[in-house]
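Comments concern the structure below.
No lab work stands behind these numbers, since they all come straight from the coordinates. What you see is a predicted model, and the numbers here were worked out from it, not measured in a lab. We place every Cβ from the backbone using ideal geometry, glycine too, and count neighbours over all the protein chains shown.
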Amino acid sequence: MLNLDLIQTVAFAGIVLFIGYALCRWIRPLSRYNIPAPVVGGLLVAFAALIAHRYGTTLFSFDTTLRDPLMIAFFTTIGFGASFSLLKVGGPQVVLFFVIAAVAAVFQNILGAGIAVLFGLHPLFGVLSGSVTLTGGPATGLAFAPLFEQAGVNGAATIAIAAAMFGIISGGLMGGPVATRLIERNRLRKAHAHKGETPVVIAEEVVEDKLSEAKTTAPGGEDQEAFVLLKSLVVLLVAMWIGSWVSKGFAALGITLPAYIGAMFVAAIIRNVDDLTHWIGLSQRTLDDLGHVALSLFLVIALMTLRLWELAGLMLPLFIVLVGQVILITIFCLGPVFKYMGKDYEASVMSGGFFGFMMGTTANAMANMKVLVDKYGRAPRAFLVVPMVGAFFIDFANALIITVFINIMK
């Protein structure tokens, strides 16, 4: 067995991460369905560990000291994205779309818990395979896994990854067909051959285009980009520091919260104060870059230590729960999303995006919508509303929803 210390573990995780990127480039279905490279690389090590376990041996021993700080850092950057100014930019439709997504996340947990009880399992098993891993994705699932383990869901981390992977694949496969059915059934738009007019918009670009960031001059003639990076890193660490006190305060009151909630709240407060005062001049793009790095390394480290053999005996109930979730989100897309977003072509495209991030990731949502606009024409409103909700606001709300369910059902 190879024993790796803290630095060696992070270095190994970095190598595994780039192996994941390479595999995503070489294996087309991985990129087609937006399977994250950290998940690909991390699961590769996890499957190797599973094979070794079957032969009664262990390949690696990792020092996971940095796993939780990296996870907290990522979710703190999500908190920095929860800007009220961003909601104003998107207007009432962003708020309404966000409310629909939050309601859907609640129903995901109710449905999952109900099916879990029918199988004689802890209701939190269903919550874990509900909004935790579908709306939240693999990072949220792994972040909450320790709390679900404490509440009685054995193998929570492994269940979380299995559910998240099912969701990502489903979100990539079904979002487009659901939206296409809406478009063609309601005769909203004829397919056309024009390419190249697809609005290539991602959440970070929406923020940069719609919210002017305060300009900061680096003192002493320092490099501007390095100064912005340093400032963002320090603010991130300060939010994590203060957030740890907030989390301890909630724990003292007997409220069960994931480790990152305090830091996420503090980050949201700092973001909105800075939007009003411009005292700090936060760069959301830089914070998102830091969050992406932290998320990638966190996912790899967490996945490398998965115990995949713990899934034995849970595959049938997990599959039934996840099929139910696909049906639920399909109903939301065909009903509330289409209806309240305007019953028009843009609403249909939003439905495809909604399916993508409620079952998988924002990347799924953007990919679904890109395919639709390539075929039917531009949908600028959809490309503004969906990434705002999918990349920022729903993650924040989902953390609160999950926390309520844990405290009710533990």
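Numbers at a glance
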{"read-out": "Computed P(r) (all Cα pairs; the chain; 20 Å bins; percent)", "value": "27, 59, 14, 0"}
{"read-out": "The range 50-157 - Rg over Rh from alpha carbon coordinates, Kirkwood radius", "value": "1.09"}
{"read-out": "Non-local Lys pairs in the chain, i.e. 8 or more apart or on different chains, that have alpha carbons under 12 Å apart", "value": "4"}
{"read-out": "Residue among Ala82, Ala113, Ala312 with the largest mean-square fluctuation in a Gaussian network model of the chain, springs linking Cα atoms under 10 Å", "value": "Ala312"}
{"read-out": "Distance histogram for the range 315-366 (every C-alpha pair counted, 10 angstrom bins, percent rounded to whole numbers)", "value": "27, 46, 21, 5"}
{"read-out": "In Hz, Karplus ³J(HN,Hα) per residue of the range 331-346 (6.51, -1.76, 1.60; θ = phi - 60°; x = Gly, Pro)", "value": "4, 5, 5, 6, x, x, 4, 5, 5, 7, 8, x, 6, 10, 4, 4"}
{"read-out": "The range 216-311: Rg to Rh, with Rh as the Kirkwood radius over Cα pairs", "value": "1.09"}
{"read-out": "Candidates Pro38, Pro258, Pro380, ranked by Gaussian network fluctuation over the chain, Cα under 10 Å, top entry", "value": "Pro380"}
{"read-out": "Two-decimal Rg/Rh across the range 1-114, once Rg and the Kirkwood Rh are taken from alpha-carbon atoms", "value": "1.10"}
{"read-out": "Highest-fluctuation residue, Arg32, Arg285, Arg187 considered, GNM on the chain with Cα pairs under 10 Å", "value": "Arg187"}
{"read-out": "The chain, relative contact order in percent, only Cα pairs under 8 angstrom and at least six apart counted", "value": "31"}
{"read-out": "Sorted by Cβ neighbour density within 10 Å, fewest at the top, the residues Thr362, Thr158, Thr135, Thr58", "value": "Thr58, Thr158, Thr362, Thr135"}
{"read-out": "Exposure proxy order (Cβ contacts within 10 Å, fewest to most) of Tyr21, Tyr376, Tyr55", "value": "Tyr55, Tyr21, Tyr376"}
{"read-out": "Burial ordering of Ser283, Ser129, fewest other beta-carbon atoms within 10 Å first", "value": "Ser283, Ser129"}
